[in-house]
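First up is the structure itself, then whatever we jot down about it.
The values are calculated or read from the model by the stated rules, or taken from the named source; none is laboratory data. Computed from a predicted model, the values in this text were never measured in an experiment. Cβ atoms come from the backbone with ideal geometry, glycine included; neighbour counts cover every protein chain shown.
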Ligand SMILES: [Zn+2]
């Protein structure tokens, strides 16, 4: 399945394996690391489509030069990316409703209207236009390019993240989005096959164990009393 930058951004808030919640973007070095691990995906986000590994397209060069390679994030960058993430997670929560959102931020989600405004404002900062290229040895490619050589790397980054979220939320994959309901899990994931309920087999196992525990350790009367 194609990777989705918006989903990966949302997933920087995750279960820490120890009952708590970890945030990969809790400090600026965390953002630097996250970006360097996604250089290719981010390059692809500007040159949106079939980006063959190893090829250097125009937009790849532009984005890489302007942004993530050797990009050391500061606190301003982190705050801006986290602001986009807040908007994405609020809209993910909206997308999965009436099912419950990820419990990680269910208590402090910004409103849908604010999230839309924030996302659209980020996308607006770098207007892009489509451009067709046709390599001699391959199929034609649709790319998005930004005019002008003096793009601000942070604007380019937040706009790419916002565009990814817009494409995802307005596209067919939105309907596959789920918040994992396994105990302690806080992930959003794309439901693959028909019966998939949890983000990973380990979550499925944990949920099954929790159900088993409940059935065998909670007195039947207790649940009956709470229902009455
Ligand atoms: Zn899970």
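Here 187, 178 are screened, and the one residue that is near the ligand (Cβ under 8 Å from one of its atoms) and crowded, with 16+ Cβ neighbours inside 10 Å is 187.
The single condition among (1) more than 16 Å from the ligand (Cβ to nearest atom); (2) within 22 Å of the chain's Cα centre (by Cα); (3) surrounded by 15 or more Cβ atoms within 10 Å (Cβ to Cβ) that residue 120 does not meet is (3).
Yes/no matrix, rows are residues, columns are (1) within 15 Å of the ligand (Cβ to nearest atom); (2) within 23 Å of residue 203 (Cβ to Cβ); (3) buried (at least 18 other Cβ atoms within 10 Å of the Cβ); (4) at pLDDT below 90:
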residue	(1), (2), (3), (4)
17	yes, yes, no, yes
24	no, yes, no, no
33	no, no, no, no
43	no, no, yes, yes
57	no, no, yes, yes
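Taking residues in segment 185-206 that are without any contact (Cβ under 8 Å) to a residue 60 or more places away in the chain, and partners anywhere that are assigned to a helix (DSSP H, G or I) and within 12 Å of the ligand (Cβ to nearest atom), the pairs with Cβ atoms closer than 8 Å and at least 6 places apart or on different chains are 197/204; 197/207; 198/204; 198/207.
Going by the structure shown, is residue 90 under 17 Å from residue 155 (Cα atoms) and either touching a residue at least 12 places away in the same chain (Cβ under 8 Å) or within 18 Å of the chain's Cα centre (by Cα) (or both)? Here the answer is no, as residue 90 does not meet what is asked. Contact map, segment 1-24: first residue farther than 18 Å from residue 103 by Cβ, second residue away from the ligand (no atom under 16 Å from the Cβ) and in a loop (DSSP other than H, G, I, E, B), Cβ cut-off under 9 Å, separation 6 or more or different chains; pairs are 3/38; 5/38; 8/38; 9/25.
Here the condition is being within 30 Å of residue 201 (Cα to Cα), exposed (fewer than 12 other Cβ atoms within 10 Å of the Cβ) and in contact (Cβ under 8 Å) with a residue 24 or more places away in the chain; of 135, 100, 139, 172, it holds for 100 alone.
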